[in-house]
Amino acid sequence: MHKNLLAYIRERATSPLTSDEEALIVAAFQPKKLRKKQYFLEEGNVCKYVGFIVKGAMRQYSVDDKGAEHIVQLYIENYWASDRESAVTLTPSSYNIDAWENTELLVARVTDMLDLIEKVPSFGQMTRLMDQRSFIVSQRRLNSTISNTAEKRYEEFADNHPQFIQRFPQHLIASFLGITKETLSRIRKQASK
């Protein structure tokens, strides 16, 4: 399982990994399996772990007062699952993160991640690149949500994440896009014509 993570780091860093650095990374990340619908993080708990998905799919969501779920993030292989706000501020999470499919992860404590950033230059480079990309994606998503029609949001989503359409059901994608499943169904029917 660790070979996937090491390959991910190598692809995103300019510094090569030494064998000692690889050993530090392998020691920090422990394999974990989640069954479908099993929680990685529950609302109200402080996020103390970061998970790198080797196999499977997960979702991050909040639940409103009426019991409706609002998808904040969808994750598949080579994605990182965590609640950054809770992990950084050490406050209870407003989100649930659970497995949508049976999932295999490599899990590290947030404190171990911070140690790796300091001790392993390649890991620090990878983390900075991830942070930059995450900010850009969040900014684009916010702009799309406030500026674009539902049709345009779905089109961008389908272009940028075609693999998600195969892995997640329509109601989760609709929630992620901030539209109803009926609207998404109509959009998809129109697009197929």
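The values are calculated or read from the model by the stated rules, or taken from the named source; none is laboratory data. Keep in mind that what you see is a predicted model, and the values were worked out from it rather than measured. All Cβ positions, even for glycine, are placed from backbone atoms using ideal geometry, and neighbour counts span all protein chains on display. With ligands, DNA and RNA removed, areas are computed over all heavy atoms of the protein, side chains included. Shrake-Rupley method; radii C 1.70, N 1.55, O 1.52, S 1.80 Å.
Estimated purely from DSSP H runs of n ≥ 4, each contributing -39500 (n - 2.57), the mean residue ellipticity at 222 nm for the chain is -16000 deg cm²/dmol once divided by its residues.
Estimated from the Cβ-Cβ distance and a Förster radius of 22 angstrom, the FRET efficiency linking residue 146 and residue 183 is about 0.85. In a shell of Cβ-Cβ distance under 12 Å around residue 147, excluding residue 147 itself, what net charge do Lys and Arg (+1) and Asp and Glu (-1) give? Once all neighbours under 12 Å are counted, the net charge is +3. The overall shape of the range 41-95 is oblate: from the C-alpha gyration tensor, with semi-axes ordered a ≥ b ≥ c, the ratio a/c is 1.5 or greater and a/b is no larger than b/c. Given the choices [x] 13.8; [y] 10.7; [z] 11.5, mean projected area of the Cα convex hull in nm² derived from the coordinates of this structure is entry [z].
With protein chains left intact and a 1.4 Å probe, residues in the chain average 58 Å² of accessible area per residue.
Projecting the Cα atoms of 134, 108, 170 onto the charge dipole of the chain, computed from C-beta unit charges around the Cα centre, puts 170 farthest toward the positive end.
A protection proxy built from the mean count of other Cβ atoms within 10 Å ranks the segments 20-32, 69-81, 160-172, most packed first, as 69-81, 20-32, 160-172. Given their separation in residues at 0.36 nm each and the Cα-Cα distance between them, residue 94 and residue 15 gain 24.8 nm when the chain is fully extended.
Taking a ≥ b ≥ c as the square roots of the eigenvalues of the Cα gyration tensor, an a/c ratio below 1.5 marks the range 148-193 as rounded. Sorted from greatest to least, the principal axis extents spanned by the alpha carbons of the range 1-110 come out as 51, 29, 22 Å. When each of the peptides 120-128, 178-186 is scored by how many other beta carbons lie within 10 Å of its residues on average, the order from highest to lowest is 120-128, 178-186. Projected label points at residue 131 and residue 161, each 7 Å from Cα along the beta carbon direction, are separated by 2.3 nanometres. A simple packing score, the average count of other Cβ atoms within 10 Å per residue, orders the peptides 146-158, 93-105 as 93-105, 146-158, with the highest score first. Measure off, as a whole percent, the carbon and sulfur share of the 1.4 Å-probe accessible area of the range 49-193, all protein chains present. That fraction is 52 percent. Total lysine pairs in the chain at Cα distances under 18 Å, for residues eight or more apart or on different chains: 14. Rounded to the nearest 0.05, what FRET efficiency do residue 37 and residue 191 give with R0 = 25 Å and r taken as the Cβ-Cβ distance? Could you check? Plugging the Cβ-Cβ distance into 1/(1 + (r/R0)^6) gives 0.25.
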